[in-house]
Amino acid sequence: QVQFVESGGGLVQPGGSLRLSCAASGSIFEIYDMGWYRQAPGKQRELVAGITSGGGTNYVDSVAGRFTISRDNAKNTVYLQMNSLNPEDTAVYYCNANVKPLGWGRTIIFWGQGTQVTVSS
């Protein structure tokens, strides 16, 4: 069984920083692309940042230059460093990964449980 556990959300003032982590555990053969999504109240879930197994990254325009996605393949963990946060970044943040479990012949998309990020003074 594979699961992803997120941590690092919370309440922060505008201009502040937070670092999200998402660690995978279980019977994993390989993790391919990983990413962070967010969903604000009344809005659709959107991709914030993605990272390939080789380290290539992409960002939604609204966070480029402020957020940094990274991964530690040895720890099966993906991170999201968020700087210069503003109230528009308030949302539930979800990690996402394309995983090939041990003994499986195909990959499966897994999601974390979500962590709340609130930016407010």
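When the stretch 48-75 is limited to residues that are touching a Phe, Trp or Tyr at 6+ places or on another chain (Cβ under 6 Å) and of a type in the set (A, V, I, L, M), the one that is nearest to residue 30 (Cα to Cα) turns out to be 49.
Looking only at the stretch 19-48, residues that are in contact with a Leu (Cβ under 8 Å, 6 or more places away or on another chain), open to solvent by 30 Å² or more (accessible area, probe 1.4 Å) and more than 14 Å from residue 71 (Cβ to Cβ) come to 3 in all.
The set of residues in the stretch 93-109 being out of contact with any Pro (no Cβ under 9 Å at 6 or more places or on another chain), in contact (Cβ under 8 Å) with a residue 24 or more places away in the chain, open to solvent by 10 Å² or more (accessible area, probe 1.4 Å) and under 22 Å from residue 45 (Cβ atoms) consists of 94, 96, 98. Of everything listed in (1) at pLDDT below 95; (2) within 18 Å of residue 118 (Cα to Cα), the single unmet condition for residue 1 is (2). Here residue 62 clears all of (1) of a type outside the set (A, V, I, L, M); (2) over 23 Å from residue 11 (Cβ atoms); (3) at pLDDT 95 or above except the condition numbered (2). Under the condition of being in a loop (DSSP other than H, G, I, E, B), polar (S, T, N, Q) and either within 18 Å of residue 94 (Cβ to Cβ) or free of Cβ contacts under 8 Å to residues at least 24 places away in the same chain (or both), the residues counted in the stretch 2-44 number 1.
The values are calculated or read from the model by the stated rules, or taken from the named source; none is laboratory data. This is a predicted model, so every value here is computed, not measured. Ideal geometry is used to build each Cβ from the backbone, glycine not excepted, and the neighbour counts take in all protein chains shown. With ligands, DNA and RNA removed, areas are computed over all heavy atoms of the protein, side chains included. Shrake-Rupley method; radii C 1.70, N 1.55, O 1.52, S 1.80 Å.
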